[in-house]
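Quick note: the coordinates plus some simple rules give every number you see, no bench work behind them. What you are looking at is a predicted structure, and each value in this text was computed from that prediction instead of being measured. Here the Cβ positions follow ideal geometry from the backbone for every residue, glycine too, while neighbour counts run over all protein chains shown.
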Amino acid sequence: MRFPLSLTSKLTAYMLSRKKAGAGRFPLVLMLEPTHRCNLACKGCGRVREYRGMMTAEMTVEECLGASRECGAPVVSVAGGEPLVYERMPELVERLVGELDRHVYLCTNGLLVRQRIGEFKPDGSLYFNIHLDGLAGTHNLIVERGGVFEEAMAAIRELKSKGFHVCTNTTVYRETSPQEIADLFGLLRDLGVDGFIISPAYSYSQAKSQEVFMDRAAIRTKFVELEKLLSGFNLYASPIYMDFLTGRRELSCTPWGNPTRNPAGWRSPCYLLVDSHFSCFTDLMEKTPWGKYGPGRDPRCENCMVHCGFEPTAAMEAGRGVRDAIRTFWWQIT
Ligand code: SF4
Ligand code: SF4
């Protein structure tokens, strides 16, 4: 199976219950950013620049758990910043999984994994999600530091040897070579990596190097090639989202599908854009003018095709038609 049965059944039951309750808008994945501090300053990263003035601010463990309760999404993606610079991360992960029954993706650049691995216990609901944008030369260039790729690979080897689930997260930029990504995934599969998240870069206006980003046409050309080369890998991109990335289908975005909570509050409208912050989840859902956002409505959305905006749409679409439901079910169980 592509995902653990526990995750698939948890998500399906949650979506059915929200629909039965008549919820028009509901989240699927909480993007939790307890801290924005990071031990890197990657070229394409908006966070370390957007929150420059409040890098030392942190959410407490209780605030993080409270955010997860408020939001209710069954999956929590813990990001940042670098989550492993957060001192009480092992406790937070253990409580999200144990107390709140959440499925957790811990998104890390890998640099501190070997140092802190002894503080975590393998669990069917915990995935280490390692950021890797290419082979050594490319990845180290993007993160602007030598040796990061090598450390991330060593971290993956150690995580797998200790029985942890591991997936990787790859952002595709203008200069990304599809063949290099296929070669990277081949190496990672040999190390036992369980699955691969892949998404086009979003052009943060705050990012240092704008030339690394692509428009929609360029993204689609790149993903047609990637789809051919990556057909044998356990991609976590759903078939409906792949149709969208390769131009076979249009999707609208679902900005509330992956809401973001960080030390500044609930970020509105989405993981990528920030127009305001709210102090509670209900205000985020009720006071954000959702109709103003998305391609054709906000120029900042024009070239956005990232998974946090469009995978929730794909998940909702899968429940609407028989053909999409069968394709998505088959994709999940194979
Ligand atoms: S490791 Fe992640 S949070 Fe840190 S600078 Fe790079 S992209 Fe940003
Ligand atoms: S299109 Fe992208 S940037 Fe715009 S609201 Fe949706 S997810 Fe956010």
Provide the net charge surrounding Pro289, with neighbours chosen by a C-beta distance below 11 Å and charges set as Lys +1, Arg +1, Asp -1, Glu -1. 0
Grab the DSSP H runs of the chain that are 4 residues or longer, score each as -39,500 (n - 2.57), total them, divide by all residues and round the 222 nm result to the nearest 500 deg cm²/dmol. -11500 deg cm²/dmol
Provide the percentage of antiparallel DSSP beta bridges, counting only those with both residues in the chain; round to the nearest 5. 25
If we sort 72-78, 297-303 on the protection proxy, mean other Cβ atoms within 10 Å, highest first, what's the order? 72-78, 297-303
Exceeding the 26 Å Cα-Cα cut-off - candidates Lys19/Lys222; Lys10/Lys121; Lys19/Lys287: Lys19/Lys222
Cα→Cβ-extended label distance, 7 Å offset, between Val322 and Arg189, nm: 3.4
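Give a quick list of chymotrypsin sites (Phe, Trp or Tyr not before Pro) in segment 167-267 that DSSP marks as loop, anything other than H, G, I, E or B, with at most 15 other Cβ atoms within 10 Å.
none
Hey, can you rank 314-322, 127-135 by average C-beta count inside 10 Å, highest first?
So the order, starting with the most tightly packed, is 127-135, 314-322.
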With label points built 7 Å along Cα→Cβ from the Cα atoms of Glu99 and Val224, find their separation and express it in nm. 5.1
Could you work out the pair-distance distribution P(r) of the chain from its alpha-carbon pairs, with 20 angstrom bin width and percents rounded to whole numbers? 32, 64, 4
So for the chain, averaging the separation of alpha carbon pairs under 8 Å that are six or more residues apart and normalising by length, what relative contact order in percent results? 19
Rounded Å value of the spacing that divides the Cα centres of segment 14-75 and segment 263-334: 13
Given R₀ = 22 Å, what would the calculated FRET efficiency be for Lys162 paired with Glu87, taking r from the Cβ atoms and rounding to 0.05? 0.55
How far, in nm, would the chain grow between Leu5 and Arg116 when pulled straight, counting 0.36 nm per residue and subtracting the alpha carbon separation? 37.1 nm
Taking H as built 1.01 Å from N, whose amide H comes closer than 5 Å to the amide H of His165, not counting residues under 5 places away? Asp123, Phe128
